[in-house]
Ligand SMILES: Cc1cc2nc3c(=O)[nH]c(=O)nc-3n(C[C@H](O)[C@H](O)[C@H](O)COP(=O)(O)OP(=O)(O)OC[C@H]3O[C@@H](n4cnc5c(N)ncnc54)[C@H](O)[C@@H]3O)c2cc1C
Ligand SMILES: Nc1ncnc2c1ncn2[C@@H]1O[C@H](COP(=O)(O)O)[C@@H](O)[C@H]1O
């Protein structure tokens with residue numbers, strides 16, 4: 001059996017990365033515990049995929065999980081878990097984790113943290129940022145995506161996190177999931193690390209960035225803290241979001257919440273327009289999910305231009321200003 | 001407050017890499033080394049927190065003899081001393097082995113009279129990216145653990161580490177970015193906190209810092225043979241895809257061609 005920890009957004013919808021993780025669970029050769037499996041890599045799962053949801057469970061989420069092939073939803077709504085506490089949430093997940101098989105979550109900060117706690121609590125080994133599973137074992141991203149590690153986790157239960165965009169969510173024959181509500185006695189010690197309060201400030205909200213259909217990226221090529229006017233205007237014309245490289249956050253030109261890459265957000269917009277960004281591997285790790293990649297760069301040989309679908313060679317300030325003018329002109 | 005920061009020596013990778021002869025690691029010839037970026041921020045947070053509480057900062061690494069360079073780099077920016085747990089080939093250690101060895105060293109230091117109120121790690125090491133050593137270490141020590149933390153505030157903490165670092169040796173406020181905004185935690189010490197870069201700017205070493213680093217006191221241990229052993233079979237490199245870029249043009253004259261593409265995708269606001 002495979003159990004997936006399902007994250008939902010504030011509107012109660014299943015997050016994109018959780019939908020990816022469920023699709024991954026369904027389509028990859030995961031050991032489902034006990035009986036030997038000789039399943040084709042892309043064949044139908046011989047085991048079942050179950051989900052765990054902590055907190056409110058909306059009708060929309062139940063419906064989405066059914067369409068993603070989740071047969072059983074373990075649902076826990078507990079007053080003591082209303083605020084996030086990794087240890088307590090992990091215990092809630094462990095309570096519905098089988099002794100053998102696979103427990104997995106998407107490779108978000110929450111997913112990473114909960115799976116590591118759950119691995120220790122179940123005595124299992126854990127692999128982070130897995131991208132595929134086959135007869136030989138697991139394949140995961142290491143060195144910020146520059147290389148893949150092929151590994152094998154021994155033990156009856158394996159705990160995984162799935163790298164963002166390792167697969168595209170795919171729906172299957174819809175089922176009506178069985179919802180199993182359960183309860184938990186929360187250990188006092190597990191609440192020591194509970195969130196005391198959450199402050200919502202525009203500057204550290206990365207959710208706009210991860211959900212935007214269009215992201216304009218800005219790197220060192222912007223030149224200075226005062227060089228963002230054109231890119232921000234373009235963001236506005238696209239109703240999108242600004243994403244930046246680590247050089248930009250490192251120099252203090254923009255807040256860290258806007259950083260895209262290995263140590264920033266991983267995004268999957270319809271279009272990413274990278275302005276003055278060289279395309280370092282750690283930056284590329286964050287934009288693998290972009291459907292169309294556009295580069296605006298003075299250096300035609302830069303990795304970003306080479307990896308892009310479309311590119312304009314030139315100074316980003318001049319080019320982006322001209323793009324803005326053209327958009328305004330066509331609006332009439 | 002006495003703080004221990006766990007740092008890992010990792011190759012500094014900018015472009016593509018090649019594999020070594022065994023196929024289980026990357027070829028490090030010609031590559032520089034550094035501590036992971038989350039750990040640089042952890043060191044900075046430790047220095048600030050220790051300064052605010054008249055405490056000390058010790059850095060620990062499990063790695064080859066050369067990893068003393070990373071310990072010295074931390075002393076150069078303000079750490080007080082270092083602990084080198086020498087392992088000729090750290091890649092044979094599983095994350096659970098590393099956590100176990102660090103836990104044992106922390107207990108041994110406590111017996112020698114050196115205790116820590118707070119243990120900092122990075123969220124994940126830049127090379128293996130296992131996302132678990134800090135959490136496993138916390139369970140081994142039976143301390144609470146937070147991850148994804150960007151800033152710390154020791155205001156109100158008594159700053160004194162009790163002998164053996166027993167609970168009640170202070171409290172700390174920690175902040176990190178969660179899915180809905182900045183999350184604030186308040187935690188009894190001793191504890192483990194895994195740091196995510198971005199909350200503080202790591203400082204550069206001063207001249208006196210560099211001088212101090214040369215004479216830094218480093219306690220040495222030998223890492224035992226790993227118990228679990230790394231689950232790695234080998235490394236593989238991603239396929240390099242041939243470029244299929246369409247150059248729309250040079251300079252501002254190419255702008256209309258890009259606007260055509262954006263219209264085609266349908267992302268321009270009406
Ligand atoms: C462990 C680790 C984690 C990291 N995580 C991240 C991460 O999450 N995100 C991230 O982005 N980086 C990350 N990095 C850093 C990464 O390696 C690069 O240093 C960084 O992405 C480079 O940023 P950049 O492209 O803006 O700057 P540069 O590499 O300096 O590139 C600037 C580009 O701008 C172009 N340019 C200059 N002037 C102009 C102009 N006027 N008009 C148009 N183009 C111009 C140049 O040709 C060049 O291509 C990480 C590094 C490490 C070691
Ligand atoms: N060999 C090591 N020596 C010291 N600290 C380590 C070592 N390996 C991991 N760590 C710490 O644990 C954190 C998480 O590492 P990992 O779980 O390997 O991704 C790192 O950022 C370090 O702070």
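We did not get these values from a lab; they are worked out from the coordinates using the rules stated. Here the structure is a predicted model, which means the values were calculated and not measured. Because the Cβ atoms are built from the backbone with ideal geometry, glycine has one as well, and the counts that use them run over all protein chains shown.
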- [ ] Please determine, in degrees from 0 to 90 and to the nearest 10, the orientation of helix B:255-265 with respect to the longest principal axis defined by the Cα atoms of chain B, where the helix direction is its Cα long axis.
- [x] 80
Task: Proxy reagent accessibility, fewest Cβ within 10 Å first, across B:259, A:6 - done: B:259, A:6
TODO: Would you kindly give the portion of the calculated P(r) for region A:2-191 that falls above 24 Å, as a percent of all Cα pairs?
DONE: 33
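Is it possible to state the helix-based mean residue ellipticity at 222 nm for the protein assembly as shown, with each DSSP H run of 4+ residues giving -39500 (n - 2.57), the sum divided by total residues, to the nearest 500 deg cm²/dmol? What is it? Write down the numbers at each step before the final one.
Details: 16 runs with 159 residues, N = 602.
Using -39500 (n - 2.57) per qualifying helix, the result is -7500 deg cm²/dmol.
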Task: Stretch gain in nm, segment residue B:206-residue B:86, where the contour uses 0.36 nm per residue and the Cα spacing is subtracted - done: 40.4 nm
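Taking the Cβ of each residue in A:284, A:112 as the centre, tally the other Cβ atoms inside 10 Å and list the residues starting with the fewest.
So the residues, fewest neighbours to most, are A:284, A:112.
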Task: Label zone at residue B:218 (point 7 Å along Cα-to-Cβ), backbone N below 20 Å, region B:48-66 - done: B:57-66
Task: Label point distance in nm, residue B:269-residue A:300, each placed 7 Å from Cα along Cα→Cβ - done: 3.5
Task: Estimated distance in nm for a label pair at residue A:288 and residue B:237, the labels positioned 7 Å out from Cα along Cα-to-Cβ - done: 1.7
TODO: Please give the helix A:229-238 orientation as an angle from the longest Cα principal axis of chain A, in degrees from 0 to 90, rounded to the nearest 10.
DONE: 60
- [ ] Please give the length that would be gained between residue A:170 and residue A:135 if that part of the chain were fully extended, namely 0.36 nm times their separation in residues minus their C-alpha to C-alpha distance (nm, one decimal).
- [x] 10.4 nm
Task: Cα principal axis extents for the protein assembly as shown, largest first, Å - done: 76, 64, 51
Open item on the list: Modelling each spin label as a point 7 Å along the Cα-to-Cβ direction, I'd like the residue A:232/residue B:65 distance in nm, to one decimal.
Closed with: 5.5
TODO: Arrange the following residues from fewest to most other Cβ atoms within 10 Å of their Cβ: A:317, A:78.
DONE: A:78, A:317
- [ ] Return, for the Cα atoms of chain B, the radius of gyration and Dmax in Å, separated by a comma.
- [x] 21.9, 72
Open item on the list: Taking 0.36 nm per residue of sequence separation and subtracting the Cα-Cα distance, how much length would be gained by fully extending the chain between residue B:108 and residue B:228, in nm to one decimal?
Closed with: 41.1 nm
Open item on the list: Tell me the angle of helix A:16-27 to the major Cα principal axis of chain A, expressed in degrees between 0 and 90 and rounded to the nearest ten.
Closed with: 50
